[in-house]
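Reviewing the structure listed below.
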Amino acid sequence: MKTIAARPYEYTFDPAHTAVVMIDMQRDFLEPGGFGAMLGNDVSQLAGIVPACARLLALARAQGMTVIHTQEAHDPQLADCPPAKRARGRLECGIGDRGPLGRVLVEGEPGAWFVSELLPQPGDIVLRKPGKGAFHATGLDAILHGRGITHLLIGGVTTEVCVQTTMREANDRGYDCLLVTDCTASYFPAFHAAVVEMVVAQGGIVGWAAPLAAVEAAFA
Ligand code: TIU
């Protein structure tokens with residue numbers, strides 16, 4: 001068992017029953033010309049976490065933990081994209097339309113794939129998801145049950161959208177989740193900070209939070 005110095009109190013886990021879940025570190029969210037930029041965001045806000053995310057993934061692989069990369073992307077026919085999602089924001093170039101990174105948020109297009117520093121490695125799991133939460137309309141719960149996973153270390157983007165939604169879905173399904181605070185970012189720094197506080201408030205109502213250094217220290 002390993003113990004991380006976390007908020008609101010220590011987080012204890014068995015690496016054999018723990019997965020690192022890296023949420024949506026895709027070009028569509030981190031690079032100019034992708035979905036995040038189409039929504040009007042300053043995508044440079046997210047670049048700073050990439051080195052820490054790479055360290056977290058490397059640690060997970062070295063320790064034999066399950067590694068899961070999620071990918072918010074739709075099938076090319078958009079059969080799994082609710083019309084309400086596609087209409088939201090009244091975008092000139094929205095989901096399914098052709099932009100500088102290919103069709104926006106569509107599986108197989110350059111924008112839907114991961115940033116070059118965080119490419120999936122052999123043995124990692126890539127999970128495409130049509131929603132913000134990684135449990136909605138995916139096989140994630142079955143994958144985790146099949147591997148005996150009970151604990152999730154969570155990073156990725158954006159903190160208050162796909163990361164928080166996934167963490168809440170996981171918490172309700174009985175997983176003990178730790179948010180790795182410097183491996184997640186938002187286009188809105190205040191939203192990032194608020195999510196960290198929401199997670200750990202009320203005795204850890206959604207889970208735990210700790211920086212990467214605390215995760216690494218647990219293995220030192
Ligand atoms: N817009 C935004 O902040 N996020 C998303 O649309 N998806 C994810 O968070 N991955």
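Residue by residue through segment 184-191, which ³J(HN,Hα) values in whole Hz follow from phi under the Karplus form 6.51 cos²θ - 1.76 cosθ + 1.60 (θ = phi - 60°), with glycine and proline marked x?
Result, rounded to whole Hz: 9, 8, 10, 5, 10, x, 5, 5.
Give the angle, between 0 and 90 degrees and rounded to the nearest 10, that separates the Cα long axis of helix 50-62 from the longest principal axis of the Cα atoms of the chain.
Tilt relative to the chain: about 50 degrees.
Using θ = phi - 60° and the Karplus form 6.51 cos²θ - 1.76 cosθ + 1.60, what ³J(HN,Hα) does each residue of segment 10-20 get, whole Hz, x for Gly and Pro?
The phi angles translate into 4, 10, 10, 8, 9, x, 5, 10, 10, 10, 8 Hz.
Rounded to the nearest 0.05, what FRET efficiency is calculated for Glu10 and Ala190 with R0 set to 35 Å and r the Cβ-Cβ distance?
According to the calculation, E is roughly 0.80.
When the dipole is taken about the Cα centre of the chain, and only Lys, Arg (+1) and Asp, Glu (-1) are charged at their Cβ, what size is it in debye, to the nearest 20?
That gives a dipole near 180 debye.
Just to check I understand the Karplus step: with θ = phi - 60° and J = 6.51 cos²θ - 1.76 cosθ + 1.60, what whole-Hz values come out for segment 201-206, glycine and proline as x?
In residue order, the calculated couplings are 5, 6, x, x, 5, 10 Hz.
Which cross-chain or sequence-distant (5 or more) residues have an amide H under 5 Å from the amide H of Leu178, H modelled 1.01 Å from N in plane?
Answer set, sorted by chain and number: Leu152, Leu153, Ile154, Trp208.
What's the extension gain from Leu127 to Met198 if we count 0.36 nm per residue and subtract their Cα-Cα distance?
Here the answer is 22.9 nm.
Where nothing but the Cβ of Lys and Arg (+1) and of Asp and Glu (-1) is charged, how large is the charge dipole of segment 92-205 around its Cα centre, in debye to the nearest 20?
Using Cβ point charges on Lys, Arg, Asp and Glu, segment 92-205 gives about 240 debye.
Would you grab the residues whose amide H sits under 5 Å from the one on Ile125? Only those 5+ places off in sequence or on another chain, please, with H modelled 1.01 Å from N.
It is Val67, Ile68, His69, by chain and number.
Roughly what would the spin-label model give for Ala213 and Thr3, points 7 Å off Cα along C-beta, in nm?
2.1
Taking every DSSP beta bridge with both residues inside the chain, roughly what % is antiparallel (nearest 5)?
Working: 7 of 33 bridges.
The antiparallel fraction comes to roughly 20 percent.
A short reminder: the numbers here are calculations on the coordinates, not readings from a lab. These numbers come from a predicted model, not from an experiment. Methodologically, a virtual Cβ is constructed for each residue, glycine included, from the backbone with ideal geometry; neighbour enumeration extends over all protein chains shown.
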